[in-house]
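Beneath this line is the structure, given in structure tokens, with notes to follow.
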Amino acid sequence: MDRQTALLVLQLPDAPTVEEIHDAFEAHVFGLRDFLFRQTVIPQVFRAKVDRLLTASEVGETLGVELPCLDGTLPEMIPLQGTADQVVRLHATNIGRLRTAMAATLDPNCLTRFGECLVRIQQQYVRWISEWAMERDLEGVHNRPMRDEWTPDEFAAALEAERSGHTLEGPTQQRLAEEILRLRSLDVATMVA
């Protein structure tokens, strides 16, 4: 990557100061990290953000800017096993661990590794839920937007209640079916991509 392209990525003029470059680079990487930190993990969208982090790494190298990485170690991930409600809770724990680790860095190389891991564990989770729910009849269920994720606590509680033989109220049963359909749709999108 040449200097002009790097400056263009950061939306800087042709002759910025060193401080302007550093501030723009930091803001650029912070925005990408903030997205990975706060948004619903949709693998295709996150993959695009990870690609932008790779570009940010090139920008930093080209412009001679470095950002701190206090700890770039990937946290240990808990294997997804058990009942569906347990898997939902384990996955939420894994996402939380990764995002906590992400908070300790602005280095695009470190963030790329964390982002790749987020994508990978989300794909594994979606695949697990899809296979588990393969026999469910979801015909006629409203398809929610991918970003409209049910909280893991609510999702796990509904799955646990269902597994325990409790009758779910109409809105809860409907929302459970919608969340399962949302996740199955993500799995289909992953297989197509």
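The values are calculated or read from the model by the stated rules, or taken from the named source; none is laboratory data. Here the structure is a predicted model, which is why all the values come from computation and not from measurement. Every residue, glycine as well, gets a Cβ built from its backbone with ideal geometry; the counts of neighbours run over all protein chains shown. For the accessible areas, the whole protein counts, side chains as well, though only heavy atoms, and no ligand, DNA or RNA atoms are used. Shrake-Rupley method; radii C 1.70, N 1.55, O 1.52, S 1.80 Å.
Listing for the model above:
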read-out: From Asp148, Asp137, residue being closer than 17 Å to Val41 by Cα, open to solvent by 40 Å² or more (accessible area, probe 1.4 Å) and not β-branched (Val, Ile, Thr); value: Asp148
read-out: Criterion: without any contact (Cβ under 8 Å) to a residue 40 or more places away in the chain and either surrounded by fewer than 18 Cβ atoms within 10 Å (Cβ to Cβ) or under 18 Å from the mean Cα position of the chain (by Cα) (or both) - qualifying residue of Arg99, Arg120; value: Arg120
read-out: Residue within region 164-183 that is open to solvent by 60 Å² or more (accessible area, probe 1.4 Å) and of a type in the set (Lys, Arg) present; value: no
read-out: Residue in region 54-69 that is more than 24 Å from Trp128 (Cα to Cα) and in contact with a strand residue (DSSP E or B) (Cβ under 6 Å, 6 or more places away or on another chain) present; value: yes
read-out: Matching entry among Leu36, Leu7 (being under 30 Å from Arg144 (Cα atoms) and buried (at least 18 other Cβ atoms within 10 Å of the Cβ)); value: Leu36
read-out: Only one of Ala56, Ala84 that is farther than 25 Å from Leu10 by Cα and open to solvent by less than 70 Å² (accessible area, probe 1.4 Å); value: Ala84
